[in-house]
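Visitor: Attaching a single structure in structure tokens format; questions to follow.
The values are calculated or read from the model by the stated rules, or taken from the named source; none is laboratory data. Predicted model only: the values in this text are computed from it and were never measured. Heads up, the Cβs are rebuilt from the backbone with ideal geometry, glycines too, and the neighbour counts pull from every protein chain shown. Surface accessibility is based on the protein's heavy atoms, side chains included, excluding ligands, DNA and RNA. Shrake-Rupley method; radii C 1.70, N 1.55, O 1.52, S 1.80 Å.
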Amino acid sequence: MTIHIANAPCSWGVDDPKNPFLPPWQKVLSEASQAGYKSIELGPWSYLPVEPAELRQQLEAHDLSLVAGTIFDDLVSEANFPAMVELTHNICRNLSLVPTATKTHADNKPAPYLVIIDFGNPERAKYAGQSAKAPRLSAEAWQRMMQHITTLSQIAWNEYGVRAVIHPHAGGCIEFADELQQLVEDIPHEVAGLCLDTGHLYYSGMDPIPYLSRYWDRIDYLHFKDVNDAVWRDVIARGVDFFAACAEGVMCPIGKGAIDYPAVRAFLAERNYQGWITVEQERDPRDADTSLRDVTASLHYLQLVGF
């Protein structure tokens, strides 16, 4: 089992590039490298340098590569779709021009990846983790989102050789078990794979290992998080939206929460997973001063249990 472990800017609270409290990108690259990671995700477009030459220089200076870029936006709206096409070109162009992650893989497709996440519906964000309360998209809106994702996936692969992977996300319109099942029925694996996230599965009421097993032949890339179960139960009971829950500490360092990572490691070893896992710990960026401590602890814990 050859596994590489990356991190992502969201572990420093970087999700919205317009947030006035974001830490400097230099801090994120420096601390990711200092913690022992060899690769990182791009984070939201325009956070890291967008000029390929400067991005390459900064990655090489910190001994880092890029494992993935991410679209984290409204994928349902027709009005927003032209911006998503432009964003796909921008992200994938840079992924094709800078150092990217080692292409270690088995049956799964290799890095780099375009991680596609729908997010932007305030009613869905409000009911993150609450399957019985969260409003579902109409059939028409769902199919429009599926077509948008298909088009973006085809651009990524056909024009740049970047593998698209769809990431169900707490507070998005692809979150719960029924939506994940519908997704894999509607988008063939040759078009896009899955990036399943242990923390988002747990947050949304799915035990990670059974769902990793159920969709194993569709998974190209993995995200690891851990969830403080007491905080999770409290924010769900109070109906707190997803990012407010993150600010309250619902995500914690790997090994400090409810997810059984030795069992996850055994599961992946049994299936001979080859490739990349990215550790994330969403937080308020005003708490980024503890990010280095936490991302270091997460990596050390995973190494301790055999990753």
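Visitor: Distance between Cα centroids, the stretch 228-252 to the stretch 149-173: provide it in whole Å.
Guide: 28 Å
Visitor: Are there trypsin sites (Lys or Arg not before Pro) in the stretch 46-147 that DSSP puts in a loop and that have at most 16 other Cβ atoms within 10 Å, and which ones?
Guide: Listed in order of number, the matching sites are LYS103, LYS133, ARG136.
Visitor: Using DSSP to define loop residues, name the GluC sites (Glu not before Pro) in the stretch 153-210 whose beta-carbon has at most 13 other beta-carbon atoms within 10 Å. Spell out each step's value before the answer.
Guide: Numbers: sites: GLU159, GLU175, GLU179, GLU185, GLU190; in loops: GLU175, GLU190.
Passing both the DSSP loop test and the Cβ count: GLU190.
Visitor: Positive end of the dipole of the chain, charges at C-beta (+1 Lys, Arg; -1 Asp, Glu), about the Cα centre: which of ALA106, ALA266, MET206 has its Cα farthest in that direction?
Guide: Result: ALA266, furthest along the dipole toward the positive end.
Visitor: Name the long-range amide H neighbours of SER65: under 5 Å, sequence gap of 5 or more, or other chain; modelled H, no Pro or chain starts.
Guide: Result for SER65 returns SER39, ILE40.
Visitor: Taking one equal scatterer on every alpha-carbon of the stretch 45-131, how large is log10 of I(q)/I(0) by Debye at q = 0.11 1/Å?
Guide: Here log10 of I(q) over I(0) equals -0.41.
Visitor: Calculate the tail of P(r) for the stretch 1-58: the fraction of all Cα-Cα distances greater than 16 Å, expressed in %. Show your work: numbers first, answer last.
Guide: Details: 708 of 1653 pairs.
Tail of P(r) above 16 Å: 43 percent of Cα pairs.
Visitor: Nothing charged except the Cβ atoms of Lys and Arg (+1) and of Asp and Glu (-1): what's the magnitude of the dipole of the chain about its Cα centre? Round to the nearest 20 debye.
Guide: 420 debye
Visitor: Also, quick follow-up: Loop only by DSSP, 14 or fewer other Cβ within 10 Å of the Cβ. Give me the GluC sites (Glu not before Pro) in the stretch 37-138 that pass, ordered by residue number.
Guide: On the way: sites: GLU41, GLU54, GLU60, GLU78, GLU86, GLU123; in loops: GLU78.
Those satisfying the criteria are GLU78.
Visitor: So, one more: With a 1.4 Å probe and all protein chains left in place, how much of the accessible area of the chain comes from carbon and sulfur atoms, in whole percent? Don't skip to the answer; put the middle values down first.
Guide: Working: 5880 of 12000 Å².
About 49 percent, which is the carbon plus sulfur part of the accessible surface.
Visitor: Across the Cα atoms of the chain, what radius of gyration and what greatest pairwise Cα-Cα distance (Dmax) are found, in Å?
Guide: Radius of gyration, then largest Cα-Cα span, for the chain: 17.6, 48 Å.
Visitor: Right, here's the next one. Using the crude model of +1 on Lys and Arg Cβ and -1 on Asp and Glu Cβ, and no other charge, please compute the dipole size for the stretch 133-200 relative to its Cα centre, in debye to 20.
Guide: On the way: 4 positive and 9 negative charges, 31 e Å.
The dipole of the stretch 133-200 has a size of about 140 debye.
Visitor: I'd like to compare 284-292, 62-70: which one has the highest average count of other Cβ atoms within 10 Å, and what's the full order after that?
Guide: Answer by packing, highest mean first, reads 62-70, 284-292.
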